[in-house]
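Enquirer: Quick one: the structure is below, questions incoming.
Since every read-out is calculated from the coordinates, none of them should be taken as a lab result. Values in this document were obtained by computation on a predicted structure and should not be read as measured data. When we count neighbours, we look across all protein chains shown, and the Cβ atoms used for this are built from the backbone with ideal geometry, even at glycine.
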């Protein structure tokens, strides 16, 4: 054990920071990517906001070689459950498995839609989309679905539930949101597929989670200032863990944000860590700093929709 600790101490500081960020921020960072997609692809946003799911039992993959126990992520004041795992099955196999479970829990809505169309062949146009959403390129993808409960429901009941959701913003009015992302490495006998399952249990209010104005619910980081005239758009942490992530949206440019945080971190006793190797050209501008046992990683991104830029701050200990 001591040898392992010594090896870790010999790693350059910035590599240790990257390792810590990767290990501690997986769930929060993944959800941040999901939220980013939700904000950018507004045409698909309503579907994702209305996703309802299958519960912790349904989110377990039967043939996983390993799957973590569920953990709680607190994202903008709402609780999202998460579990990740690994299997030697292909990404397509894993997506097929979860898609089948989704199909078995759609309140028989798909069958009802098919029957309505069969009874009314005069209806023209494309068939309605399945309640299950799937994206799959053979190596990465996701499945998301709406669990309407164990019993069949009719279309008027679904409309009623959607109406309650529209009034309250609480996804639980329809069901519990579920989402499974997969990524495959290798092929043949060397196939390995990593999957991340996310779901809600009970109240999950997207109206309070993503307010149109003002700060999103959550907290600012101790010892790391928020930029001037910034708006907090994301605040997340894992229950029982010290790691967290906070995202601010500002009217400042990336360069101005970088200058602000370089000055602010040094003023608050942080030591900036220079990268020993140049970052990939596609990587966002990044600062890494440490103070005692804490490390923060700040990534800057332009905001093409609103102008200005954003700062995503990962705090690890």
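Enquirer: Listing 257, 273 from the residue with the fewest other Cβ atoms within 10 Å to the one with the most, what is the order? The partial results should precede the final answer.
Expert: Numbers: 257 23, 273 19.
Taking fewest neighbouring Cβ atoms as first place, the list is 273, 257.
Enquirer: Can you tell me how segment 204-253 classifies by the Cα gyration tensor, rounded, prolate or oblate, using a/c under 1.5 as the rounded cut? Show your work: numbers first, answer last.
Expert: Details: a/c = 2.67, a/b = 1.11, b/c = 2.41.
Since a/c reaches 1.5 but b/c is at least a/b, the shape of segment 204-253 is classed as oblate.
Enquirer: Take the alpha-carbon centre of segment 231-269, take the same for segment 68-117, and report the distance between them in whole Å.
Expert: After rounding, the separation between the Cα centres reads 33 Å.
Enquirer: Here is a further query. Can you divide the C-alpha Rg of segment 214-317 by 2.2 N^0.38 Å and report the result to two decimal places? Spell out each step's value before the answer.
Expert: Details: Rg = 13.4 Å, N = 104, 2.2 N^0.38 = 12.8 Å.
Segment 214-317 yields a ratio of 1.04.
Enquirer: Right, next: Let me know the shape class of segment 148-257, please: from the alpha-carbon gyration tensor, a ≥ b ≥ c as square roots of the eigenvalues, rounded when a/c is under 1.5, otherwise prolate if a/b is greater than b/c, or oblate. Mind showing how you got there, number by number?
Expert: Details: a/c = 2.44, a/b = 1.22, b/c = 2.00.
Since a/c reaches 1.5 but b/c is at least a/b, the shape of segment 148-257 is classed as oblate.
Enquirer: Based only on other Cβ atoms within 10 Å, what is the fewest-to-most ordering of 146, 155?
Expert: Ordered from fewest to most neighbouring Cβ atoms within 10 Å, 146, 155 come out as 155, 146.
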